[in-house]
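*Asks:* Have a look at this one.
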Amino acid sequence: MNVLDAIHARQSIRAYRPQTVEPHKLETVLEAANRAASAANLQAYQIHVVRRQAAKDALAAAAAGQKFLATAPVVLVFAVVPARSAAKYGARGEQVYAMQDACAAVCNAMLAAVELGLGTCWVDAVDEAAAGRAAGLPPGQRAAVLLPIGYPAENPPRTPRRPLSDLVTDPGSA
Ligand SMILES: Cc1cc2nc3c(=O)[nH]c(=O)nc-3n(C[C@H](O)[C@H](O)[C@H](O)COP(=O)(O)O)c2cc1C
């Protein structure tokens with residue numbers, strides 16, 4: 001599968017088979033996340049792998065009760081580590097770059113998962129503090145994105161997109 005195929009095949013999966021995710025596949029997903037661009041290559045985020053059912057249930061509760069999250073065999077918690085970026089960039093690093101770094105890594109992880117036949121869904125850590133407790137985050141980290149990963153148990157219809165004519169502002173070269 002090439003990159004464009006993966007981009008167009010990806011869609012949010014919110015139902016998973018109980019089958020475990022093979023360790024080598026999980027490692028491939030994590031390696032893909034690790035190759036993402038980041039401001040000054042500081043990688044101001046941490047990825048926590050959550051497999052324990054009680055912790056996944058607590059993450060689902062922290063995500064406004066989105067129970068499907070807890071049915072995935074594994075959930076990756078992308079936590080921002082603002083201090084890593086703040087040391088070089090100050091407030092902008094803390095408030096913007098750490099989150100952008102984490103989000104770039106999430107996108108890479110999602111596309112790698114597609115290549116491996118796995119499904120994911122970007123889930124907002126609505127209650128950051130509760131999500132942090134559920135994932136056992138140390139001080140200085142904030143839960144940003146929860147990414148359940150598992151073999152899809154659904155094939156949802158494609159979601160629509162804005163046409164490029166609306167999305168893109170391009171005055172052209174004339
Ligand atoms: C910042 C962000 C937050 C999102 N939060 C949630 C969420 O909490 N729960 C959920 O089910 N999907 C969530 N999504 C997934 C979107 O609903 C989904 O990407 C969108 O509807 C487009 O569908 P697709 O991913 O299948 O293309 C989120 C996506 C983004 C980028």
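The values are calculated or read from the model by the stated rules, or taken from the named source; none is laboratory data. The structure presented is a predicted model; accordingly, all values stated were derived computationally and were not measured. Because the Cβ atoms are built from the backbone with ideal geometry, glycine has one as well, and the counts that use them run over all protein chains shown. SASA here: full protein model, heavy atoms, side chains in, ligands and nucleic acids out. Shrake-Rupley method; radii C 1.70, N 1.55, O 1.52, S 1.80 Å.
*Asks:* Report, in deg cm²/dmol and to the nearest 500, the calculated mean residue ellipticity at 222 nm for the chain, where each DSSP H run with n ≥ 4 adds -39500 (n - 2.57) and the sum is divided by the residue count.
*Replies:* Result for the chain, helices only: -12000 deg cm²/dmol.
*Asks:* In whole percent, how big is the carbon plus sulfur part of the accessible area of the chain, probe 1.4 Å, protein atoms only?
*Replies:* Summing carbon and sulfur atoms, their accessible area is 54 percent of the total for the chain.
*Asks:* Whose amide H sits under 5 Å from the amide H of VAL74, counting only residues 5 or more places off or on another chain, with H placed in the peptide plane?
*Replies:* Correct list: ILE149.
*Asks:* Report, in whole Å, the centroid distance computed from the Cα atoms of segment 85-146 and segment 1-34.
*Replies:* Segment 85-146 and segment 1-34 have Cα centres spaced 17 Å from each other.
*Asks:* Another question, if that's okay. Counting only C-alpha contacts under 8 Å and six or more residues apart, can you give the relative contact order of segment 3-167 as a whole percent?
*Replies:* This gives 35 percent for segment 3-167.
*Asks:* Still on this model: Given H placed on each backbone N at 1.01 Å, which residues far from GLY119 in sequence or on other chains put an amide H within less than 5 Å of it?
*Replies:* Excluding prolines and chain starts, which carry no amide H, the hits are GLY150, TYR151.
*Asks:* Over segment 16-97, average the accessible area per residue using a 1.4 Å probe and give it in Å², no decimals.
*Replies:* With all protein chains present, segment 16-97 gives 53 Å² per residue.
*Asks:* Calculate, for THR169 and VAL96, the FRET efficiency according to 1/(1 + (r/R0)^6) with r their C-beta to C-beta distance and R0 25 Å; round to the nearest 0.05.
*Replies:* Once rounded, the FRET efficiency stands at 0.70.
*Asks:* Of the listed peptides 70-76, 117-123, what is their order by residue-averaged count of other C-beta atoms within 10 Å, with the highest listed first?
*Replies:* Taking the mean over residues of other Cβ atoms within 10 Å, the ranking is 70-76, 117-123.
*Asks:* Could you check the spin-label model distance between ARG162 and ALA129? Points 7 Å from the Cα along Cα→Cβ, value in nm.
*Replies:* 3.5
*Asks:* Can I ask one more? Through the Karplus equation 6.51 cos²θ - 1.76 cosθ + 1.60, θ set to phi - 60°, convert the phi angles of segment 49-56 into ³J(HN,Hα) values in whole Hz; use x for Gly and Pro.
*Replies:* Going residue by residue, I get 8, 10, 10, 5, 4, 4, 5, 5 Hz, with x marking Gly and Pro.
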